[in-house]
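Take a look at the structure set out below.
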Amino acid sequence: MKKEIIILKDICRFYQVGTETVKALREVSLSVYQNEFVALMGPSGSGKSTMMNILGCLDTPTSGSYFLNGVDVSKMSDNELADVRNKEIGFIFQTFNLLPRSTALENVMLPLIYAGKNKHQRLEMATNSLRQVQLADRMTHRPNELSGGQRQRVAIARALVNNPSIVLADEPTGNLDSKTSIEIMGLLEEIHKLGNTIIVVTHEEDIASHAHRIIRMIDGEIASDEINHHVKTIKDYQLADGN
């Protein structure tokens, strides 16, 4: 039986805007299991961004409980949450969030500094992570010397370097052309096959179709949570192109 990595119980997140209370999440309950590939979808204002912030320990709920690997993180302090984020969660952002003056290798090594790894460990782990995303020949290049797809691969390598419990990808192909988007989703497929738990936040149906489970949100609630019986893979695109 697969282990529950994430358990949300009656999560609410309310914001006060002037005199109005915005109910971004309304008693959301959810479980995500080890090695699942999940897409989180919803229109603007649906609560999916708030949900991503809660899942990524970037925000805490107004009420309810969030268990990550059996630990209740919903009541943690900011410092405790920062530690959880560094050790348990790998982030992939639409805008890559790379340090412009640092090389690919230095960008990937950054989380390992906060994790307390020594220089030798940082070098070895970051090098292996870049090899995993097929960027062994670009380690000394800075972001402005890389294509958009290569920059996202560096971001993915950085997300994986600490061997996190979950990989959380926020619109990971939002700044990429269609061909590069397919390549990045193919890379996420490979990472999933290695045993990683992946949650992709997206508004694009085509990107969500790569996930094995699709959760749709509306008005701060889960509107549907379904297994995707027609998972699209990179092979589908290759067949369509006649390759």
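The values are calculated or read from the model by the stated rules, or taken from the named source; none is laboratory data. Keep in mind that this is a model prediction, so the values were computed, not measured. Cβ coordinates were reconstructed from backbone atoms using ideal geometry, including for glycine residues, and neighbour counts include every protein chain displayed.
Quickly run through the range 146-198 and pick out the residues that are farther than 16 Å from GLN34 by Cβ and small (Gly, Ala, Ser). Those that are farther than 16 Å from GLN34 by Cβ and small (Gly, Ala, Ser): SER147, GLY148, GLY149, ALA155, ALA157, ALA159, ALA169, GLY174, SER178, SER181, GLY186.
Within the range 19-56, the set of residues being under 14 Å from SER165 (Cα atoms) and of a type in the set (D, E, K, R) comprises just one member, GLU36. Looking at the range 5-18, can you tell me whether even one residue there is out of contact with any helix residue (DSSP H, G or I) (no Cβ under 6 Å at 6 or more places or on another chain), under 22 Å from ASN163 (Cβ atoms) and of a type in the set (Asp, Glu)? No, because not a single residue in the range 5-18 is out of contact with any helix residue (DSSP H, G or I) (no Cβ under 6 Å at 6 or more places or on another chain), under 22 Å from ASN163 (Cβ atoms) and of a type in the set (Asp, Glu). Considering each residue of the range 152-195, count those that are charged (D, E, K, R) and under 16 Å from PHE96 (Cβ atoms), and give that number. Total meeting the criteria: 6. Within the range 37-56, the set of residues being in contact with a Lys or Arg (Cβ under 6 Å, 6 or more places away or on another chain) and either modelled with pLDDT of 95 or more or β-branched (Val, Ile, Thr) (or both) comprises VAL38, LEU40, MET41, THR50.
Among the residues of the range 145-156, those identified as more than 26 Å from SER31 (Cα to Cα) and in a helix (DSSP H, G or I) are GLU145, GLY148, GLY149, GLN150, ARG151, GLN152, ARG153, VAL154, ALA155.
Kindly establish whether SER65 is among the polar types (S, T, N, Q), under 18 Å from the mean Cα position of the chain (by Cα) and in a strand (DSSP E or B). First the steps, then the outcome.
Working: among the polar types (S, T, N, Q): yes; under 18 Å from the mean Cα position of the chain (by Cα): no; in a strand (DSSP E or B): yes.
No.
Applying the criterion of being part of a loop (DSSP other than H, G, I, E, B), under 17 Å from the mean Cα position of the chain (by Cα) and at pLDDT 90 or above to the residues of the range 68-113, the residue that is surrounded by the most Cβ atoms within 10 Å (Cβ to Cβ) is LEU98. Evaluate the following for THR127: is it farther than 30 Å from HIS229 by Cβ, in contact with a Ser or Thr (Cβ under 7 Å, 6 or more places away or on another chain) and of a type in the set (S, T, N, Q)? In short, no.
For (1) closer than 22 Å to ILE198 by Cβ; (2) of a type in the set (A, V, I, L, M), each residue gets a yes or a no:
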{"residue": "LEU58", "(1), (2)": "yes, yes"}
{"residue": "PRO61", "(1), (2)": "no, no"}
{"residue": "GLY70", "(1), (2)": "yes, no"}
{"residue": "VAL73", "(1), (2)": "yes, yes"}
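Annotation: of all residues in the range 8-54 being at positive phi and not in a loop (DSSP other than H, G, I, E, B), the one that is surrounded by the fewest Cβ atoms within 10 Å (Cβ to Cβ) is ASP10.
Where strands (runs of 3 or more DSSP E) fall wholly inside the range 165-243, the ranges with 3 or more residues that are loosely packed, with under 15 Cβ neighbours inside 10 Å are 221-227.
Residues in the range 130-160 that are buried (at least 19 other Cβ atoms within 10 Å of the Cβ) and either of a type in the set (Asp, Glu) or touching a strand residue (DSSP E or B) at 6+ places or on another chain (Cβ under 8 Å) (or both): 6 in all.
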